[in-house]
Amino acid sequence: MKTKITILILALFAGFNIGTAQQDEECMTNLSIFDSYYKSKKYDDAYGPWKIVREKCPKFNRAIYAYGEKILKHKIDNSTGADKLAHVKDLMLLWDQAREHFASKYSLGEVLSDKAQLAYKYRKELNISIEEDYKMFDEAFTKDREHFTSAQGLYTYFSLAVDLYDAGNISAQKMFDKYDDVIEIIENLEKGYTEKLNKLVSKEEAGTALTKKEVKYKKNYEANLAAFEKVTSSMDQKLGDRATCTVLVPLYQKDFEENKNNAIWLQRSMNRMYAKGCKDDPLFLKLVGQKNTIEPSADTAFYLYLLTNEQKYFDQTIQLETDPLKKAKLYKKLAQDFKSKGSYGRARQYYMEALKLNPSDGSPYLQIANMYAKSANNCGDSNFNKRAVFWLAAIEAEKAGRVDGRLRKASAQSAASYRASAPSKADIFSAGNKGETIKIGCWIGRSVKVPG
């Protein structure tokens, strides 16, 4: 569970339900004892008095469940055989009891997904099958997906679906559906964190320092976004060759007639075909055209634009998408398409549009820096000025790490690599142009100052 324990002993008694059990001196005494041991990380010593309070006064204080989780995890990690199994089962029971006695603090989705993840970790000891564990995750998803937010749990849920497909227990379509289900949860969570992060990044970029609390929040948002990015990447790796064009095309051809009026099926199918590089197959155009007929959207307009290169579809893409973060992703896709065609000026234009809408995503800066570096040989009138383009690339790369903590390492590495290709101090001395401003030509159209 994610309950954070930063409560002093006096605060333990404030803000919780107070019943007749609170008058029990034994519970009061043992609560104080196990709290002291817990804070000293003496979990074995805390176990006894904690167990007494839990059994005698289960509604006495939420610390029974918040602290109890850590105490039991310690017991699990430091036991074997029957004892380990007993502690695993007891931790599951503890989460159920926490939900029973403090329901407002322990959501159903969180409890069910945490139990399923624990069962997955100790599936050998518990002797449960893939199907049984998958059903545990599926219960969390079905009953309370809003609070099924664990990055690790979401990955395990999808991973089990792939294992069931490999075993021949579910169809490819059901596996793909589960991929989309999980991705939709992740995208919603990412949206929430990104919106909060953008406010803080915009504040910083405007020159206002963040408070200590805001700095902490920013790191938390970045950490969560990084975790979900890792989950998405791991899911794609797990899916692997199970979702190539040779697999997808026959599947969607077979199911097209049955689902041609199902907007969700069409959307998911064309998204997957695009993601897997199948947009050149005639079926992709068929899916996109049908989706655009029954339910036009920014996505279908974007795909039609890529397929036809007609301006009307580009205009429709931007017009139909109203969500800023989704529009930023579309701009990035458009930019990437122009970049792949060598249209760097147009690509930069749309990368910059994406940055306006999602300022905490530093990846466009890295892409722009990459295009500058690739153009160095074509955008200078002398060898020195050509190499000066790498200073511009380094500056752009550094922006990525400034606004996006997830890219701090990649940003620093890229910038260092670009600076290594720029003129050296000896070159600057020989040219005698320290501190001068160099205008970079061609599509770049920017200036860079020679380091002093």
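Here, each number is a calculation from the coordinates, and none is a lab measurement. The structure presented is a predicted model; accordingly, all values stated were derived computationally and were not measured. We place every Cβ from the backbone using ideal geometry, glycine too, and count neighbours over all the protein chains shown.
A few points about this structure:
- Length available on full extension from Glu258 to Asp90: 0.36 nm per residue minus the Cα-Cα distance, which gives 55.7 nm.
- Pairwise centroid distance, computed over Cα atoms, of the range 287-310 with the range 373-448, Å: 39
- Shown for Phe314, Phe141: other C-beta atoms within 10 Å of each C-beta, ranked fewest to most, produce the order Phe314, Phe141.
- Neighbour-count ranking [beta-carbon atoms within 10 angstrom, fewest first] of Met136, Met352, Met270, Met371: Met352, Met136, Met371, Met270
- Treating r as the C-beta distance of Asn383 and Ser343 and R0 as 22 Å, the FRET efficiency rounds to 0.25.
- Note, ³J(HN,Hα) from phi for the range 324-338, Karplus 6.51, -1.76, 1.60, rounded to Hz, x at Gly and Pro: x, 6, 5, 5, 4, 5, 5, 4, 5, 5, 4, 4, 5, 5, 5
- At R0 = 51 Å, FRET efficiency that the Cβ-Cβ distance of Asp83 and Thr322 yields, to 0.05: 0.35
- Lys356-Asp427 FRET efficiency (beta carbon distance; Förster radius 30 Å; 0.05 resolution): 0.25
- Between Ser447 and Thr246, the simple spin-label model (points 7 angstrom out along Cα→Cβ) gives 5.7 nm.
- Once Cα extents along the principal axes in Å is calculated for the structure shown, the corresponding label among (1) 85, 64, 39; (2) 84, 59, 44; (3) 82, 55, 37 turns out to be (1).
- Fewest-first ranking of Ser150, Ser343, using other Cβ atoms within 10 Å as the exposure measure: Ser343, Ser150
- Percentage relative contact order, the chain, counting C-alpha pairs under 8 Å, at least six apart: 7
- Distant-in-sequence amide H partners of Ile440 (H built 1.01 Å from N, under 5 Å): Arg446, Ser447, Val448
- Separation of the Ala416 and Ala172 label points, Cα + 7 Å toward Cβ, nm: 4.4
- Pairs from Lys174/Lys218; Lys178/Lys339; Lys56/Lys105 whose Cα-Cα separation, in the structure shown, is over 27 Å: Lys174/Lys218; Lys178/Lys339
- For Cys278, nonlocal amide neighbours, meaning residues 5 or more places apart or on other chains whose placed amide H falls under 5 Å from its own, do not occur.
- Sequence-separation-based contact order of the range 342-452, relative, with Cα cut under 8 Å and 6+ spacing, percent: 25
- Under the Karplus curve 6.51 cos²θ - 1.76 cosθ + 1.60, θ = phi - 60°, whole-Hz ³J(HN,Hα) for the range 109-120, x wherever Gly or Pro sits: x, 5, 4, 5, 6, 5, 5, 5, 5, 5, 4, 5
- Partner aspartates and glutamates for Lys124 [C-alpha distance under 13 Å; skip if fewer than 8 residues away on the same chain]: Glu132, Asp133
- Extended-chain gain in nm, criterion 0.36 nm per residue less alpha-carbon gap, Lys199 and Leu126: 21.7 nm
- Chain lengthening between Thr293 and Gln336 when straightened (0.36 nm per residue, less Cα-Cα): 12.8 nm
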